[in-house]
């Protein structure tokens with residue numbers, strides 16, 4: 001009961017924070033909060049297959065692109081589509097179909113999950129480096145199709161003038177829903193079976209675990225949240241093109257889940273926040289400054305140099321990530337607070 005009250009209090013605090021940001025924050029701050037929430041959703045979806053199941057999947061950019069294009073095409077009106085697709089008309093039924101934003105997001109997630117279902121059969125016939133290469137190839141196939149299928153994606157011109165439907169309530173609502181669903185799945189029997197596959201697939205199979213079934217379940221759910229996150233991203237930036245969904249996006253998500261700690265949803269959330277907010281704060285080092293009477297010119301790219309050094313320090317001193325595979329609990333937070341207050345000496349075991 002106490003944990004539930006604390007959780008409800010945390011949710012109420014988040015709602016109050018979002019309400020205050022919606023009313024008093026400027027446009028840049030709101031956009032930063034939206035971006036952080038979207039990356040939390042994407043990181044949680046990616047964490048499910050890579051962290052929980054231990055499968056090196058390098059194609060999340062494909063599912064993000066599918067969700068983004070699907071949601072974008074379904075929210076545009078026929079008149080807007082005719083203006084965008086001036087080189088080649090949009091194919092039917094997308095040319096006439098328009099849906100509300102919530103339905104378009106769900107469709108984006110379902111299309112991504114459908115593509116995951118089709119590719120899951122060849123993907124999970126291999127493991128390790130081969131699985132990484134196969135999924136990397138699928139990601140590039142989707143990007144190339146988006147760049148060349150003029151009648152569906154408008155090719156390299158992309159889709160412009162999307163309505164800015166992504167608000168703080170949408171982005172953070174989806175992020176919280178993804179966290180709750182993935183946490184509940186991880187703590188269930190299915191989640192424990194997925195973790196057993198990660199630790200030792202042969203032993204898990206010997207204990208009666210249907211490896212393909214559990215991996216496919218994780219793959220589908222991961223693709224769904226990646227697709228929904230792609231739809232939110234499309235309606236935040238309001239302009240999408242194939243260049244947005246390159247392997248660099250996959251690489252960013254891989255950095256997030258590794259820095260946070262593979263297998264930890266808490267780590268994925270924390271690292272996504274640090275990656276988004278820290279990356280923006282470091283922009284100041286690229287701007288010219290006057291210090292002690294000396295003028296220092298801005299150095300383009302210095303932000304990424306500092307970010308890379310910080311990443312190296314994390315890898316060296318936190319080899320299992322910031323959370324080390326552990327999850328946040330109210331009991332664990334209470335023990336840490338008591339240790340800080342000196343009630344429990346460091347190294348002593350708390351009494352239960």
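Computed over the stretch 1-136, the P(r) curve from all C-alpha pair distances, binned at 10 Å from the origin, holds 10, 25, 28, 26, 10, 1, 0 percent per bin. Estimated from helical segments only, the mean residue ellipticity of the chain at 222 nm is -22500 deg cm²/dmol, where each DSSP H run of four or more residues counts as -39500 (n - 2.57). At full extension, residue 6 and residue 176 could sit 59.7 nm farther apart than now, given 0.36 nm per residue minus the alpha carbon distance.
If contacts are Cα pairs under 8 angstrom and at least 6 residues apart, what is the relative contact order of the chain in percent? Once divided by the residue count of the chain, the mean separation gives 27 percent. Rounded, prolate or oblate: pick one for the stretch 195-240, where a ≥ b ≥ c are the square roots of the eigenvalues of its C-alpha gyration tensor, a/c under 1.5 means rounded, and failing that, prolate if a/b is larger than b/c, else oblate. It comes out prolate by the Cα gyration axes. Our note on the geometry: Cα centres of the stretch 177-241 and the stretch 84-118, 23 Å apart. Listed from fewest to most Cβ neighbours within 10 Å, the set 160, 341 follows the order 341, 160. Fewest neighbouring Cβ atoms within 10 Å first, the residues 181, 11, 111 line up as 11, 181, 111. Rounded, prolate or oblate: pick one for the stretch 86-223, where a ≥ b ≥ c are the square roots of the eigenvalues of its C-alpha gyration tensor, a/c under 1.5 means rounded, and failing that, prolate if a/b is larger than b/c, else oblate. Since a/c reaches 1.5 but b/c is at least a/b, the shape of the stretch 86-223 is classed as oblate. State the percent of C-alpha pairs, over all pairs in the stretch 1-58, separated by a distance greater than 17 angstrom. Looking at the stretch 1-58, the distances longer than 17 Å represent 59 percent of pairs.
Assign one of three labels to the stretch 109-157, namely rounded, prolate or oblate, based on the Cα gyration tensor with a ≥ b ≥ c the square roots of its eigenvalues; rounded applies when a/c is under 1.5, prolate when it is not and a/b is larger than b/c, and oblate otherwise. Because a/c hits 1.5 or more and a/b fails to exceed b/c, the stretch 109-157 counts as oblate. Note on the stretch 234-323: Cα-only Rg and Dmax are 16.0, 49 Å. What the Kirkwood sum gives for the stretch 216-263 is a hydrodynamic radius of 12.2 Å, with every pair of different alpha carbons counted.
Largest mean-square fluctuation among 340, 159, 16, in a Gaussian network model of the chain whose springs join Cα atoms under 10 Å apart, belongs to 340. In percent, rounded to a whole number, the relative contact order of the stretch 39-137 is 38, using alpha-carbon pairs under 8 Å and six or more apart. Packing around the peptides 28-38, 260-270, taken as the average count of other Cβ atoms within 10 Å per residue, puts them in this order, highest first: 260-270, 28-38. Neighbour counts of other Cβ atoms within 10 Å put 171, 188 in the fewest-to-most order 188, 171. What is the log10 of I(q)/I(0) for the chain, computed with the Debye formula using one identical point scatterer on each Cα and no solvent, at q = 0.07, 0.15 Å⁻¹? The Cα Debye sum returns log10 ratios of -0.34, -1.37. The stretch between residue 150 and residue 83 holds 22.7 nm of extra length on full extension. This uses 0.36 nm per residue minus the Cα-Cα distance.
Per-residue extension of 0.36 nm, minus the Cα-Cα distance of residue 212 and residue 97, leaves a gain of 37.8 nm for this segment.
No value in this document is a laboratory result; all are computed from the given coordinates. Computed from a predicted model, the values in this text were never measured in an experiment. Cβ atoms come from the backbone with ideal geometry, glycine included; neighbour counts cover every protein chain shown.
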